[in-house]
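Okay, structure first, notes after.
The values are calculated or read from the model by the stated rules, or taken from the named source; none is laboratory data. Just so it is clear, the model here is predicted, and its values are computed rather than measured. Here Cβ is always computed from backbone atoms with ideal geometry, including for glycine, and neighbour counts include all displayed protein chains. SASA here: full protein model, heavy atoms, side chains in, ligands and nucleic acids out. Shrake-Rupley method; radii C 1.70, N 1.55, O 1.52, S 1.80 Å.
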Amino acid sequence: MRVFVTGASGWIGSAVVPELIRAGHQVVGLARSDASAEALTAAGAGVVRGTLDDLDVLRRAAADSDGVVHLAFKHDIAFSGDFKGAGEADRRAVEVIGEALAGSDRPFTIASGTPAIPGHVATEHDGHDADRAAAARGDAQHIRAVTAELTVSLSARGVRSSVVRLAPTNHGEGDNGFVPALIGIARGKGVSGYIGDGTNRWSAAHRLDSARLFRLALEKAPAGSTLHAVAEEGLPVRDLAEVVGRQLGLPVVSVPAAEAEAHFGWLAGPLAANRAASSVLTRELLGWEPVQPGLVEDLEQGHYFK
């Protein structure tokens, strides 16, 4: 297939592009900078210059493709506090791409996140159930859920749409997400901390395993599918803190919930959440089996601490 990929030079996209090319697909990636364009060319992909705000560019690139993988998100403005604005840009992009593919039965898969459900291991059967009032207030999880709902609904318009929900950590060398943030806080505070008893769990996957799932979703996921890129159902956060402490030679301590925000800053909320998730249904549906190192094994290799 000729596949149009947004976010093609990002953390997940830079793994998805070579995965698609190795499988024989032709890739055209959206690039908003010279550096991104050069990275795509070096990877063997074609380049379409533009951003998520260039809706005509997205429409034409989607119409000219045999399938679309949408990974781009305005992380820059989201991390500056405008998650609502980033979410609205994401929704507009999905609407435009969906319109371009309507009635064609071509595949369209997007990235979302596994839900945080207290006391429950999230499965693919857990709907996106977006709270639009929360989304209107700028709640990150609900904003992404609105876009995921929209994507799933495109199946009724003749699009083979699917949503790949990513674990909270997609690890690997070069990661700049939650785990490096946790390591940085430990270095700064002189202790490796977790909140409360640290038994709340995070699911995890290596980004190369996640990239393979995006390819499988593009190639054969049924219309309207929700898939989980989850290799490990749930690692206790305390276990992560213990590995970080061991690697850095720091004491591992419990941080009371009342002091979590002062200690962890923006990471306090994600760190306290239960983000355990299953991928049993995804594996049965698409034959996806993770083969890369688990999160603890990856941390023990030491590259996160260089």
Subject >> Test: residue in the range 241-264 that is in contact (Cβ under 8 Å) with a residue 40 or more places away in the chain, open to solvent by 60 Å² or more (accessible area, probe 1.4 Å), in contact with a strand residue (DSSP E or B) (Cβ under 8 Å, 6 or more places away or on another chain) and under 30 Å from Arg160 (Cα atoms) >> reply: no
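Could you check the range 22-44 and list, in sequence order, the residues that are of a type outside the set (Ser, Thr, Tyr) and either over 22 Å from Ala217 (Cα atoms) or open to solvent by less than 10 Å² (accessible area, probe 1.4 Å) (or both)? Don't jump to the end; show me each part of the working.
Residues of the range 22-44 that are of a type outside the set (Ser, Thr, Tyr), as a first pass: 22-32, 34-35, 37-40, 42-44.
Val27, Gly29, Ala31, Arg32, Asp34, Ala35, Ala37, Glu38, Ala39, Leu40, Ala42 - these are the residues of the range 22-44 that are of a type outside the set (Ser, Thr, Tyr) and either over 22 Å from Ala217 (Cα atoms) or open to solvent by less than 10 Å² (accessible area, probe 1.4 Å) (or both).
Could you identify the single residue in Val69, Val57 that is within 30 Å of Leu267 (Cα to Cα) and at pLDDT 90 or above? Show your work before the answer.
Values: Val57 fails: within 30 Å of Leu267 (Cα to Cα).
Result of the check over Val69, Val57: Val69.
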Original post:
So which pairs qualify, if the first residue must be in the range 64-78 and among the acidic types (Asp, Glu), the second must be open to solvent by 20 Å² or more (accessible area, probe 1.4 Å) and modelled with pLDDT of 90 or more, the Cβ gap must be under 7 Å, and the two must be at least 6 apart or on different chains?
Top reply: Asp66/Met1; Asp66/Arg2; Asp66/Arg106
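So how many residues does the range 52-77 have that are of a type in the set (Val, Ile, Thr) and open to solvent by less than 10 Å² (accessible area, probe 1.4 Å)? Explain how you work it out, then say what you get.
Of the residues in the range 52-77, the ones of a type in the set (Val, Ile, Thr) are 57, 68-69, 77.
Filter again for open to solvent by less than 10 Å² (accessible area, probe 1.4 Å), leaving 68-69.
Residues meeting the conditions: 2.
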**OP:** Check Asp56 against each of (1) in contact with a helix residue (DSSP H, G or I) (Cβ under 8 Å, 6 or more places away or on another chain); (2) free of Cβ contacts under 8 Å to residues at least 60 places away in the same chain and name the one condition it does not meet.
**Re:** (1)
Subject >> Inter-residue pairs, beta-carbon under 6 Å, first of a type in the set (Asp, Glu) and in the range 145-159, second part of a loop (DSSP other than H, G, I, E, B) and open to solvent by less than 20 Å² (accessible area, probe 1.4 Å), 6+ apart >> reply: Glu149/Ala130
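Please determine whether any residue of the range 83-101 is open to solvent by less than 30 Å² (accessible area, probe 1.4 Å) and closer than 23 Å to Ser279 by Cα. Outline the logic, then answer.
Residues of the range 83-101 open to solvent by less than 30 Å² (accessible area, probe 1.4 Å): 85-87, 89-90, 93-94, 96-98, 100-101.
Imposing the further condition that a residue be closer than 23 Å to Ser279 by Cα reduces the set to none.
No, the range 83-101 has no match at all.
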**OP:** Scan the range 248-297 for residues that are touching a His at 6+ places or on another chain (Cβ under 6 Å) and either in the same structural domain as Ala221 (by the TED database) or small (Gly, Ala, Ser) (or both) and jot them down.
**Re:** Ala277, Ser279
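Only one of Gly46, Gly81, Gly29 is at negative phi and within 21 Å of the chain's Cα centre (by Cα); which?
Values: Gly46 fails: within 21 Å of the chain's Cα centre (by Cα); Gly81 fails: at negative phi.
Of Gly46, Gly81, Gly29, the one residue that is at negative phi and within 21 Å of the chain's Cα centre (by Cα) is Gly29.
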Original post:
Can you name the number of the only condition in (1) modelled with pLDDT of 95 or more; (2) part of a helix (DSSP H, G or I) that Ala145 fails?
Top reply: (1)
Original post:
Pick from Ser14, Ser104, Ser80: which is of a type in the set (Ser, Thr, Tyr), modelled with pLDDT under 95 and either open to solvent by 20 Å² or more (accessible area, probe 1.4 Å) or outside the structural domain of Gly224 (by the TED database) (or both)?
Top reply: Ser80
**OP:** Restricting attention to the range 278-293, report how many residues are open to solvent by less than 40 Å² (accessible area, probe 1.4 Å) and out of contact with any Phe, Trp or Tyr (no Cβ under 9 Å at 6 or more places or on another chain).
**Re:** 5
**OP:** Quick one: in the range 201-225, of everything that is open to solvent by 30 Å² or more (accessible area, probe 1.4 Å) and out of contact with any Ser or Thr (no Cβ under 7 Å at 6 or more places or on another chain), which residue is farthest from His128 (Cα to Cα)?
**Re:** Leu208
